[in-house]
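Below: the structure, in structure tokens.
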Amino acid sequence: MRNMFGMKLDYNTSYRALLSAQELVRGTAEDGYENLPSYLRQIEISNPGTVTCLVKDGENRFKYLFLSFAASIAGFNYLRRVIVVDGTHLCGKYEGVMLVAAAQDGNFQIFPLAFAIVDAENDESWEWFFTQLRRCVSDQYALVIVSDRHGSIKKACEKVFPWARRGICYYHLQQNIVQKFKGKHMLYLVKGAAYAHTLFDFNHYMDEIRSINPNLATYLESADVSLWSRVPTWMRYGKLGRWFFIRREDALSLTSHHSRGIENLLAIREEYADMMNVERIDGWRFVVRGGHRDCVVDLELQRCQCGVLDIEKIPCSHAIAAAKDANIHVTTLVCPSYSKNYLYAAYAANIYPKSDVLEAPNTDDTSPANEEEAPNTDDTTPANEEGADKARKCLPPEVNRGRGRQKNSRWQSWLEISRMRGNQPRNLHKDYSCSQCKQPGHTRPNCPG
């Protein structure tokens, strides 16, 4: 690499220059930690009802941070009550782990609910995160929490949300299958078992898996089928603000009763429904013949033997065919969470940037109401304003990372890679030719000559 004067720079010099430029533009990490208490107070002023919590140790060093905007808390009331939680490692100077809780709106989009920064994924940090998350979620209704198989998540969920059901993320499950069992060629069977709507279909896929790889079948069963399969379980600040604005305007522009994703799904299923035959049993029950199997549909209880309507709360082709025969509008069979009104209500509240005007300091309490501190053996209270300011400060945690340049990226999922590629074609495999006869299509060990 050469600088503007044409002089050649070595790698270390270039890297130090990059770090210096970043500090000039963004400021230092130490400044960011010091401004955290003030930043959180400004967010609370701009967004009343926002839940924040900052935890420091006895030496005023950063330990935990939690943030959930009031708009996200209000919007979650209009979504299906399924929360996905996960953690990702941070690559900055002080490292740490970011924990995230998200849901899905009526148009199948990710809905951000809460964020946290902790030191590591362990029992203590996950229990603290769930304790703060409980402040954002009502316990008046059923709740499902989906995660990977991390043991700390299981313990924290059972302790803080004992009334919630748990589920295992299929994406994490298939990663384990590829790595431990070299079973990439069997993922379609595992996916079929995970997404099966009926016990009959689930057993069919599991029998196929067991006949090919008994060890994989045993692993899936030991992972607790009720956590990763549908059948046993379901039967019974700037960027976020822009997300909310765009999705709110999009919902407001809808001319249909439901979100675009639901309308497209219903249109596809309606085409299949038109090819089915319906026989009426009574006023509410019908036998629908066609598709993969014949099913009995109960429109009063909104059930179908295929299991799709029961689990997804979206009418299947059988239910649509029965509803048409009974002159019942299909929209009455769709869960209200997928309606245009609920989608708009989920993003109705705004997320505002931090306020530049702070409330007058409270001389009776030197710490913000949402700021927690670990026990401190020093019982002395600051006697002047300088001492009070020192108590409010948040120092960065201890540096734990090793020497040298740290990795500034992470492994990306297949979905992220496909989005980056866009419509770019996949790289074609190289066409090998035989080194002996020079003919393409085979190599020397398989040469017919």
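Quick note: the coordinates plus some simple rules give every number you see, no bench work behind them. The shown structure was predicted, so the numbers you read here are calculated from the model rather than taken from an experiment. No Cβ is skipped: glycine too gets one built from the backbone with ideal geometry, and neighbour counts run over all protein chains shown.
Quick look at the numbers
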item: Using distinct alpha-carbon pairs, which all enter the 1/r mean, Kirkwood radius of the range 69-175 in Å; result: 14.3 Å
item: Normalised alpha carbon radius of gyration of the range 260-338 [divisor 2.2 N^0.38 Å]; result: 0.96
item: Calculated FRET efficiency for the pair residue 91/residue 313, C-beta based, R₀ 41 Å, to 0.05; result: 0.55
item: Highest average packing first - 67-78, 172-183, Cβ atoms within 10 Å; result: 67-78, 172-183
item: FRET efficiency estimate (nearest 0.05) - Cβ-Cβ, residue 172 to residue 303, R0 25 angstrom; result: 0.20
item: Per-bin percent of Cα-Cα distances, the range 208-321 [5 Å]; result: 2, 10, 13, 14, 12, 12, 13, 12, 7, 4, 1, 0
item: Model label zone, residue 287; criterion: amide N under 12 Å from point 7 Å along Cα-to-beta-carbon; scope the range 297-339; result: 297
item: Derived scalar couplings ³J(HN,Hα) [the range 148-160; Karplus, 6.51 cos²θ - 1.76 cosθ + 1.60; whole Hz; x for Gly, Pro]; result: 7, 8, 4, x, 5, 5, 4, 5, 5, 5, 5, 7, 8
item: Dipole axis of the range 93-163 (+1 Lys, Arg; -1 Asp, Glu on Cβ), positive-most option in 140, 107, 161; result: 140
item: Two-decimal ratio, the range 111-229, of alpha-carbon radius of gyration to 2.2 N^0.38 Å; result: 1.22
item: Inter-label distance for residue 26 and residue 203, nm, one decimal - labels placed 7 Å from Cα along Cα-to-Cβ; result: 5.6 nm
item: Rg(Cα) / (2.2 N^0.38 Å) computed for the range 30-234, rounded to two decimals; result: 1.17
